[in-house]
């Protein structure tokens, strides 16, 4: 359906999940020069953490890959009753950007879910993307999700919501001419409001050095509750990221929510220079992922790891804080949040099967 999703909204990440969607890493070109066994080991820690509190829906390339992954998960003690594997080929593992953008609505006491199927073109046609662009429609068909098709390019890592009507995004990414032929801000706001169920959009700008997404919000600023935002902040004035991150921090300090109230803005340190002499990587502590019972926080073997964990921990008193090694994963130019996509709890409709396979 291409209709506008009336009465639907994109829920905040901390709202209850039915599960998390992932794509098992398989593209050697994504992690150039890195040990894929180490990539898989670190990725496995993400799956182990997720399955402690919800289902993990994992895409794999084909049946042989499925058999091999099943063996790997069992060998590493993953609770297989929490895991569902799908033979859906992809170009890459960044399912946050090409996977389903889930929506919810309340109908007569029932929480129904649907999805937005945004177009995906690999962050402005930078890499191969044809298989990735098909993923959401395949998942929708296999799972029976009602689907809305806005027919514009938008990645999941480019939007962040508080569940009550406010969306954070960046003009450097969403308005980039390499996405939608230079779409006007007013037109893009119409799409975001109509398809995410928001009434207020806060625009930030810029990107981290080394970021091939042109500035995804999930590296820059994240809601931790409806009224509080953590914002990446570089303390070293000589660092190349300092000016852009300070501008975003100042903009957030002046911003108001959907009801006209200010936010609490908490600066989140940066992990310094991560990468090689030739290439700096877009490492950020803001690329965390909130599960039902935990928060998975990227760490980089840097002194600021502890500072970031100490800041994030009291913001989620009901959840366990789990550090995930990302010094290798970040060579793919993405992190934990980029590799995950939450599916909220709810039924597909009052007459369809539950979107939660455990209820079948």
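Numbers at a glance
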quantity: Residue check, residue 14 within 21 Å of residue 324 (Cβ to Cβ), under 15 Å from the mean Cα position of the chain (by Cα) and part of a loop (DSSP other than H, G, I, E, B); calculated: yes
quantity: Evaluation of residue 5 against (1) in contact with a helix residue (DSSP H, G or I) (Cβ under 9 Å, 6 or more places away or on another chain); (2) under 28 Å from residue 114 (Cβ atoms); (3) at pLDDT 95 or above (one fails), failing number; calculated: (3)
quantity: Matching residues, the stretch 48-67, being in a loop (DSSP other than H, G, I, E, B) and in contact (Cβ under 8 Å) with a residue 40 or more places away in the chain; calculated: 52, 53, 54
quantity: Residue 83, sole failed condition from (1) free of Cβ contacts under 8 Å to residues at least 40 places away in the same chain; (2) crowded, with 19+ Cβ neighbours inside 10 Å; (3) under 30 Å from residue 183 (Cα atoms); calculated: (3)
quantity: Tally, over the stretch 270-298, of residues that are within 20 Å of the chain's Cα centre (by Cα) and closer than 19 Å to residue 236 by Cα; calculated: 8
quantity: The stretch 304-360, residues that are at positive phi and either at pLDDT 95 or above or surrounded by fewer than 20 Cβ atoms within 10 Å (Cβ to Cβ) (or both); calculated: 333
quantity: Whichever residue in the stretch 233-250 is buried (at least 16 other Cβ atoms within 10 Å of the Cβ) and without any contact (Cβ under 8 Å) to a residue 24 or more places away in the chain and, among such residues, is nearest to residue 204 (Cα to Cα); calculated: 249
quantity: Residue pairs meeting the criteria (Cβ under 6 Å; at least 6 apart or on separate chains; first at positive phi and touching a residue at least 24 places away in the same chain (Cβ under 8 Å), in the stretch 109-127; second in a helix (DSSP H, G or I) and surrounded by fewer than 22 Cβ atoms within 10 Å (Cβ to Cβ)); calculated: 124/178
quantity: Residue 70 over 18 Å from the mean Cα position of the chain (by Cα), over 29 Å from residue 151 (Cβ atoms) and assigned to a loop (DSSP other than H, G, I, E, B); calculated: no
quantity: Selection count where residues are closer than 30 Å to residue 211 by Cα and part of a helix (DSSP H, G or I), scope the stretch 74-127; calculated: 8
quantity: Total residues in the stretch 303-336, condition part of a loop (DSSP other than H, G, I, E, B) and under 23 Å from residue 52 (Cα atoms); calculated: 7
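Here's the yes/no breakdown for (1) outside any loop (DSSP other than H, G, I, E, B); (2) buried (at least 22 other Cβ atoms within 10 Å of the Cβ); (3) in contact with a strand residue (DSSP E or B) (Cβ under 7 Å, 6 or more places away or on another chain); (4) modelled with pLDDT of 95 or more:
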{"residue": "21", "(1), (2), (3), (4)": "yes, yes, yes, yes"}
{"residue": "29", "(1), (2), (3), (4)": "yes, no, no, no"}
{"residue": "39", "(1), (2), (3), (4)": "yes, no, no, yes"}
{"residue": "42", "(1), (2), (3), (4)": "yes, no, yes, yes"}
{"residue": "46", "(1), (2), (3), (4)": "yes, yes, yes, yes"}
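Conditions tested, residue by residue: (1) exposed (fewer than 13 other Cβ atoms within 10 Å of the Cβ); (2) in a loop (DSSP other than H, G, I, E, B).
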position: 252; (1), (2): no, no
position: 260; (1), (2): yes, yes
position: 265; (1), (2): no, no
position: 270; (1), (2): no, yes
position: 284; (1), (2): no, yes
position: 295; (1), (2): no, no
position: 298; (1), (2): no, no
position: 301; (1), (2): yes, yes
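The values are calculated or read from the model by the stated rules, or taken from the named source; none is laboratory data. What you are looking at is a predicted structure, and each value in this text was computed from that prediction instead of being measured. Note that each Cβ is placed from the backbone with ideal geometry, even for glycine, and that neighbours are counted across all protein chains shown.
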